[in-house]
Amino acid sequence: MKAHFHKVPVSTQSSFSIRHDRKPNFGTTWHYHPELELHFVIRGEGVRLIGDNISNFSSGEIILLGANLPHTWRCNEEYFQNDPSQEVEAIVIQFLPECLGRYLLGLPEAYLIPKLFEKAKSGLLIGGEAKARLAPLMLAAVQATDLDRIIIFLSILKIISETSEIQAIAAEHHAYKQSNESDTQRINKVCNYTLSNYKKEITLEEIASISNLSVTSFCRYFKLITKKTYYDFLIEIRISQACRLLIEDKMPTEVICFECGFNNVSNFYRHFKKITKMTPLEYKRKYLHSYKELAAA
């Protein structure tokens with residue numbers, strides 16, 4: 001997707017940016033920036049779009065994004081109801097590859113860091129022991145100053161560059177260097193409308209009118225920008241929401257089917273298996289098994 005360029009504010013007294021966000025939601029703008037980003041969701045749930053990947057996110061998730069990789073964390077609807085009790089929280093570290101000096105990356109002892117930055121072009125989901133070690137370091141980094149700040153940052157990079165507990169998220173070819181403002185506004189409208197209305201039927205005429213295009217022009221435009229049809233995108237959003245509801249385990253699968261915008265159970269099962277490579281029951285069992293292993297650890 002075409003994405004909006006975001007200028008990351010960095011103090012002249014700092015070589016990189018660290019912030020601790022507490023706010024109603026993470027916003028809705030699909031954007032990119034030349035800085036890499038380490039994103040730790042302390043509190044919040046919803047759907048994240050990173051490159052060509054659409055997945056759920058929840059509290060405790062830590063992700064490293066490469067330079068110019070477009071992304072947005074779209075919270076669930078309850079975070080947009082102006083309810084003070086519903087608030088997201090995250091620690092975000094944003095940095096240019098050469099933020100600690102161009103010569104650091106060329107040092108023989110630092111050979112793993114350039115390799116890490118290359119892997120991060122796809123986005124990296126960090127798990128296991130590495131995630132457990134990163135969380136307190138990121139919290140400490142918010143308050144750290146002077147050399148302590150640099151030491152903690154290098155410790156964070158060391159953990160991520162040495163771990164095998166990472167999973168690629170998107171395709172590398174989704175990094176961007178420039179964008180058209182009208183494309184940015186148009187695709188943001190499409191994404192936001194879809195994420196707010198996926199439970200009901202959305203016709204091509206309806207979504208095309210949101211984009212101020214004819215149906216034919218919209219279909220051609222959306223396929224060109226996203227490399228997929230609009231209906232493929234809509235199905236991915238619905239399945240992503242279904243995965244979240246299956247994990248919550250508060251509704252029968254048949255109810256989840258209709259709650260996520262499907263009007264036919266067999267159709268829901270077919271699309272679910274095509275996207276996740278599992279049946280809804282297999283998906284739920286796999287998650288519950290992983291949860292029990294984590295709790296026992």
- Counting only residues in the stretch 50-66 that are out of contact with any Leu (no Cβ under 6 Å at 6 or more places or on another chain) and among the hydrophobic types (A, V, I, L, M, F, W, C), the one surrounded by the most Cβ atoms within 10 Å (Cβ to Cβ) is identified as L65
- Task: Please specify each residue of the stretch 43-80 satisfying the condition of being under 23 Å from F222 (Cα atoms) and of a type in the set (A, V, I, L, M).
- Result: V47, L49, I50, I54, L69
- Item | Flag if E89 is without any contact (Cβ under 8 Å) to a residue 40 or more places away in the chain and surrounded by fewer than 19 Cβ atoms within 10 Å (Cβ to Cβ) | no
- Query: If we scan the stretch 69-77, do we find a residue that is open to solvent by 20 Å² or more (accessible area, probe 1.4 Å), in a helix (DSSP H, G or I) and closer than 22 Å to T28 by Cα?
  - Reply: yes
- The helices (runs of 4 or more DSSP H) lying entirely within the stretch 128-242 that contain at least 2 residues which are modelled with pLDDT under 90 and surrounded by 13 or more Cβ atoms within 10 Å (Cβ to Cβ) are 181-197, 215-226
- Task: Determine which member of the set V92, V142 is in contact with a Lys or Arg (Cβ under 8 Å, 6 or more places away or on another chain) and within 17 Å of I169 (Cβ to Cβ).
- Result: V92
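The values are calculated or read from the model by the stated rules, or taken from the named source; none is laboratory data. Note that the structure is predicted; figures quoted are calculated from it, not measured. Every residue, glycine as well, gets a Cβ built from its backbone with ideal geometry; the counts of neighbours run over all protein chains shown. The protein model used for the area step is the full one, side chains on, heavy atoms only, and it has no ligands, DNA or RNA in it. Shrake-Rupley method; radii C 1.70, N 1.55, O 1.52, S 1.80 Å.
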